[in-house]
Amino acid sequence: MVEFLQFLVPGILIGGVYALLASGLGLIFGVMRVVNFAQADFMMLAMYLSWALFAGGVGLDPFLAVPAVFFVFLLLGMAVHWLFIRFVIGRRENHDAQVILTIGLGLIFQNLILIRYSSEPRVVAPSYANAGDFIGDIFISRVRLYAFLLSVLVAALVFLFLNRSATGRAIRAASENWEAATYMGVDIDRTNRIAFGVGVALTAVGGSALVTFQSITPFVGLRFVVVMFAAVVLGGLGSVRGAFVGGVLIGVIQSVSQVWTSAAVKNVWVFALFLLILYVRPNGLFGKAQRAI
Amino acid sequence: MLEISDLRASYDGVPALRSIDFQVGAGERVAILGPNGAGKTTLLKTISGTVEVDAGTIRFEGRDLHSQPPHKRVEAGIVHVPQGRMIFASMTVTDNLRLGSHRGGAQHRHGERLDLVLEIFPALADMLNRDGGALSGGQQQMLAVARGVMACPRLLMLDEPSMGLAPRAADSVFEGIARLLESETTATIVVEQRAHEALEICERAYVLESGEVVLEASNRALLTDERLAAAYLGSET
């Protein structure tokens with residue numbers, strides 16, 4: 001039992017971070033039906049920003065840097081939407097263009113970082129990086145606990161923004177029916193731009209929550225992109241809440257499966273469950289029947 | 001108030017509107033009648049800005065709307081209640097109504113408009129916390145009209161408010177619309193298959209066929225002239 005809990009607790013903790021990474025992707029897809037293949041590379045950029053702020057003389061703690069990371073990536077996301085994404089939104093014919101554009105952006109981000117910082121892994125090791133506490137017999141890593149709490153806090157704030165603010169309400173309306181939202185006077189281009197910025201910022205914050213226990217390379221996104229997409233599909237395409245639950249579930253499965261099988265095959269269990277859930281609920285846990293766009 | 005001249009629009013090269021001339025005066029109620037595919041909905045969409053215009057001009061209170069995006073037109077007071085209701089099914093009635101007053105000055109008049117809307121459609125008062133998707137068809141249509149009223153329209157455009165409704169539900173929607181038009185002086189355009197109901201609440205009507213205005217007449221002329229009635233209002237008269 002103790003052994004099981006010793007795997008379950010870290011699973012929940014990392015699952016919270018996966019959840020935040022995935023909810024950014026889920027928000028963007030839900031609002032503007034764009035599958036952003038560059039999402040994990042925004043995460044990678046955020047990890048480098050956290051590293052630069054920590055190691056580059058400023059010495060800023062990666063958890064304290066989160067508000068700065070959020071706002072930098074909110075603006076970066078809005079800029080990328082304005083410069084590129086808005087031209088490929090909407091029509092069904094644009095789908096190929098969306099795929100090529102976002103994959104291309106991801107490749108450009110990876111290679112710019114490779115040119116600037118080489119492929120050498122970077123680490124962010126604050127003084128408490130290896131600290132932890134025993135609760136009963138269960139050891140809890142402090143940085144992973146902070147990462148989890150941060151992810152839940154940021155997700156809760158975004159949930160409040162979407163449900164309580166006028167802009168959040170307009171974003172939800174546009175995601176449900178953009179034409180009807182247009183008739184309400186919602187500026188769809190603006191809600192898309194904000195949603196893209198917030199979606200990118202969510203994943204970016206997830207990335208900076210990871211830096212204290214995940215080494216950083218230009219290609220670190222590839223390690224997480226599968227988890228993010230699996231979480232979004234598992235939770236139900238278009239549902240931010242679903243993406244969040246999907247992320248937690250994947251973290252738990254990856255971790256708990258190590259009680260019985262090697263860590264090397266942890267993603268096998270994720271995909272076994274993935275297939276099972278989609279077999280029983282083809283639209284995911286919280287998904288509704290797909291609309292055609 | 002609204003002046004449209006020589007308006008043309010098309011879908012993928014197929015003309016939907018061919019040289020439409022159309023006016024609505026301040027506070028006037030105008031019906032647009034005609035068969036399916038005549039271009040009635042397209043005409044409303046060119047006014048609200050969701051369909052692009054090929055040629056011609058649309059002026060609202062003297063201003064050319066050509067370069068105005070749809071949300072600016074809502075701000076100017078042009079409010080379109082679309083065909084098929086298009087309420088936000090996953091959001092509560094309250095949130096749907098809040099979205100109605102999303103834009104510009106309507107936000108500050110939310111409370112006052114809410115009172116008005118619940119007076120016009122008392123049935124909605126008990127449903128404020130329900131999801132839009134949980135309402136009946138008639139209630140959803142009331143919500144769609146109410147949501148439009150929340151926006152403080154200067155020109156209200158109702159596209160087929162009775163579509164897909166059982167006769168009794170359609171009657172209660174029309175009763176609400178009639179109450180609205182009594183208490184407000186909003187200029188209104190009604191597109192409707194139930195021509196008689198539309199003519200009862202309107203002063204003037206345009207009949208569209210194949211993207212052209214084939215008749216413009218007062219409601220009295222349409223209702224009393226047997227030949228006009230037989231030609232344009234169906235066989236029941």
- [ ] Calculate how steeply helix A:266-280 sits against the longest principal axis of the alpha-carbon atoms of chain A, using the helix alpha-carbon long axis, and give the answer as 0 to 90 degrees to the nearest 10.
- [x] 40 degrees
TODO: With both partners inside the protein assembly as shown, how many of the DSSP beta bridges are antiparallel, as a percent to the nearest 5?
DONE: 60 percent
Open item on the list: Given a 10 angstrom Cα cut-off, can you work out which residue in A:Pro282, A:Pro62, A:Pro218 is the most mobile in a GNM of chain A?
Closed with: A:Pro282
Open item on the list: Along the charge dipole of segment B:80-237, pointing to its positive end and built from +1/-1 on Cβ of Lys, Arg, Asp and Glu, which listed residue (B:Gln193, B:Thr224, B:Leu135) has its Cα farthest out?
Closed with: B:Leu135
TODO: Using only protein heavy atoms and a 1.4 Å probe, report how much of A:Tyr48 is accessible, in Å² to the nearest 10.
DONE: 10 Å²
Task: Unit charges at the beta carbon, dipole of the protein assembly as shown: most positive-side option, A:Val259, A:Gly242, B:Leu215 - done: A:Val259
Task: Percent accessible area from carbon and sulfur atoms, the protein assembly as shown, protein chains only, probe 1.4 Å - done: 58 percent
Open item on the list: I need the trypsin sites (Lys or Arg not before Pro) found in segment A:75-177, filtered to DSSP loop residues with at most 13 other beta carbons within 10 Å of theirs.
Closed with: A:Arg91
TODO: Please state the charge dipole magnitude for segment A:14-219, taken about the Cα centre, from unit charges on C-beta atoms (+1 on K and R, -1 on D and E), reported in debye and rounded to the nearest 20.
DONE: 280 debye
- [ ] Quick one: angle between helix A:188-210 and the longest Cα principal axis of chain A, in degrees between 0 and 90, rounded to 10, please.
- [x] 10 degrees
Open item on the list: Rounded to the nearest 20 debye, what is the charge dipole size of the protein assembly as shown about its Cα centre when +1 sits on each Lys and Arg Cβ and -1 on each Asp and Glu Cβ?
Closed with: 1660 debye
Open item on the list: Rolling a 1.4 angstrom probe over the protein chains, ignoring ligands and nucleic acids, what is the accessible area of B:Lys72 in square angstrom, nearest 10?
Closed with: 90 Å²
TODO: Note down the net charge around A:Gly197, summing +1 for each Lys or Arg and -1 for each Asp or Glu among other residues with Cβ under 14 Å from its Cβ.
DONE: +2
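Going from most exposed to least, what order do A:Phe244, A:Phe159 have by accessible area with a 1.4 Å probe? Show your work: numbers first, answer last.
On the way: A:Phe244 50, A:Phe159 120 Å².
Order by accessible area, largest first: A:Phe159, A:Phe244.
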Open item on the list: I'd like to check one number: the per residue accessible area of chain A, probe 1.4 Å, reported in Å² as a whole number.
Closed with: 44 Å²
TODO: Using only atoms on other chains, find how many Cβ atoms lie within 10 Å of each Cβ of peptide A:168-181 and report the average.
DONE: 5
Open item on the list: Can you list which of the DSSP-assigned H helices in chain B have a Cα extent of 18 Å or more along the long axis and an average Kyte-Doolittle score of at least -0.5?
Closed with: B:137-150, B:167-183
Task: Accessible area buried, both sides summed, chains A and B with 1.4 Å probe, Å² - done: 1800 Å²
- [ ] Quick one: order A:Phe7, A:Phe219 from most to least accessible surface, probe 1.4 Å.
- [x] A:Phe219, A:Phe7
TODO: Evaluate the charge dipole of chain B about its Cα centre and quote only its size in Debye, nearest 20, assuming +1 on the Cβ of each Lys and Arg and -1 on the Cβ of each Asp and Glu.
DONE: 560 debye
Task: Accessible solvent surface per residue of chain B, calculated while the other protein chains remain in place, 1.4 angstrom probe, Å² - done: 43 Å²
Open item on the list: Can you compute the modelled spin-label distance between A:Ser118 and B:Ala26, with each label point 7 Å from Cα toward Cβ, in nm?
Closed with: 7.6 nm
Task: On Cα atoms only, tilt of A:142-164 relative to the major axis of chain A in degrees - done: 20 degrees
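The values are calculated or read from the model by the stated rules, or taken from the named source; none is laboratory data. All figures in this text were calculated on a predicted structure; none of them were measured in a lab. So basically every Cβ, Gly included, is an ideal-geometry build from the backbone, and we count neighbours across all protein chains shown. All accessible areas refer to the heavy atoms of the entire protein, side chains included, with ligands and DNA or RNA removed. Shrake-Rupley method; radii C 1.70, N 1.55, O 1.52, S 1.80 Å.
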